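Scroll down for the structure; my scribbles are underneath it.
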Amino acid sequence: MPALLLKAGLLVPNIGYAQGYVEGIGLSYEVLPLQQKSGSEATFRADVFRANIIAPVAVAADTSHAFLAGLNLEALHFSGSRPGFAVQNVYGITPVLGYRQRLSARTELTALALPSLNSDLREVRGADVTWGGVLRAAYRANPRRAYRLTVGYRQQFYGPQYVLLLGLDWRLGERWRAFGDLPTTFNISYAATAKVNVGFNLNGINTAYRLLNNDQYFQYQQAHYGLFAETYLSSHWAVRATAAYAGIRRLDVFAKDDQWPATIDYIGLGTAPTPLNPRLEKGLAFRLALSYRVPAP
């Protein structure tokens, strides 16, 4: 999708000129086979479910500006045996409110407010709600190439998270296209047929959830490098399957006050906090996503 990705910790919705389309609805399922670095033979895994929608709710007659509203939902479920790790389910709920303004035929600005409720939902409190927002500028240099710059800030239980994304949508030829918002997402896509695309993608996430137990928090940090294949089921609906390798994988529990000094996107700055559970090995991830796409103007 990857993505409306306000992909949850970072996830910023695809509301600009990315990859030649706007993704209004997304559904995905991801499975993560997990293993501890300690060499334990205990087997366990994570199942990740996500759903998101974003749409204009009030559009000017000349389409020069619009208000945006949306919602991102996610659920992580852990099964199997993992010593020192008592988390079974965590959830994320993020309403998306924004405004988009076209400044010229080539330039567009979008502002988004991103309040989030991230917790195990065993006892919802005001402290479970975090706040943040982003501002995105998009510039279309020519019909084949567009650029984006996204800056923002989000409260996270692991410390302050600063958002700095450099976006690109570049049609390299009749069949090749490169697009994404680095360092969080990036795709190189090849149109094998009129309806089938294959390629490489990068997907980074860095988010956290408040836990009831001693006010601890659970951090989900990843950088997945994968290969995908997707097909259009109709003119708007597409399904994508991805097999990836986790270059970065942290699914860990931390004490409330043990935090990063700061992070930029999914990259930590300074001394990393120490998890209360054994660390995980890097490994594979498999993802299936369904999305509703509308061609960008």
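The values are calculated or read from the model by the stated rules, or taken from the named source; none is laboratory data. What you are looking at is a predicted structure, and each value in this text was computed from that prediction instead of being measured. Note: ideal-geometry Cβ built from the backbone for every residue, glycine included; neighbour counts use all protein chains shown.
For the reader, a short list of remarks on this structure follows.
- Selection over the range 241-284 of residues that are in contact with a Pro (Cβ under 8 Å, 6 or more places away or on another chain) and part of a strand (DSSP E or B) gives a count of 9.
Table: residues versus (1) over 20 Å from L71 (Cβ atoms); (2) modelled with pLDDT of 95 or more; (3) part of a helix (DSSP H, G or I).
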| position | (1), (2), (3) |
| --- | --- |
| P95 | no, yes, no |
| Y99 | no, yes, no |
| L117 | no, yes, no |
| G133 | no, yes, no |
| A137 | yes, yes, no |
| L149 | yes, yes, no |
| L168 | yes, no, no |
| G173 | yes, no, no |
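- Residues of the range 269-297 that are within 23 Å of K37 (Cα to Cα) and basic (K, R): R279, K282.
- Residue-level check: of (1) over 16 Å from the mean Cα position of the chain (by Cα); (2) free of Cβ contacts under 8 Å to residues at least 40 places away in the same chain; (3) surrounded by 13 or more Cβ atoms within 10 Å (Cβ to Cβ), N142 misses just (3).
- Considering the range 242-252, and only residues there that are modelled with pLDDT of 95 or more and more than 16 Å from the chain's Cα centre (by Cα), the residue that is farthest from A208 (Cα to Cα) turns out to be A243.
- Leading residue by the ranking (surrounded by the most Cβ atoms within 10 Å (Cβ to Cβ)) among those in the range 91-104 that are touching a residue at least 12 places away in the same chain (Cβ under 8 Å) and among the hydrophobic types (A, V, I, L, M, F, W, C): V96
- Condition check for I53: over 30 Å from W260 (Cβ atoms), surrounded by 15 or more Cβ atoms within 10 Å (Cβ to Cβ) and at pLDDT 90 or above: yes
- Single residue of A69, A46, A58, A111 found to be under 23 Å from Y29 (Cβ atoms), assigned to a strand (DSSP E or B) and either touching an Asp or Glu at 6+ places or on another chain (Cβ under 9 Å) or small (G, A, S) (or both): A46
- All conditions but one from (1) part of a loop (DSSP other than H, G, I, E, B); (2) touching a Phe, Trp or Tyr at 6+ places or on another chain (Cβ under 8 Å); (3) not aromatic (F, W, Y) apply to T63; the one that does not is (2).
- Selection status of Y162, under 23 Å from the mean Cα position of the chain (by Cα), closer than 30 Å to K37 by Cα and in a loop (DSSP other than H, G, I, E, B): no
- Residues (basic (K, R) and more than 30 Å from A241 (Cα to Cα)) located in the range 255-297: K256
- S291 vs. criteria within 24 Å of V22 (Cβ to Cβ), surrounded by 14 or more Cβ atoms within 10 Å (Cβ to Cβ) and not acidic (D, E): yes
- Residues that are at pLDDT 95 or above and surrounded by fewer than 18 Cβ atoms within 10 Å (Cβ to Cβ) within the range 68-90 comprise A69, L71, L73, A75, H77, N89, listed in sequence order.
- On the stretch given as the range 199-221, residues that are closer than 16 Å to Y266 by Cα and of a type in the set (A, V, I, L, M, F, W, C) total 4.
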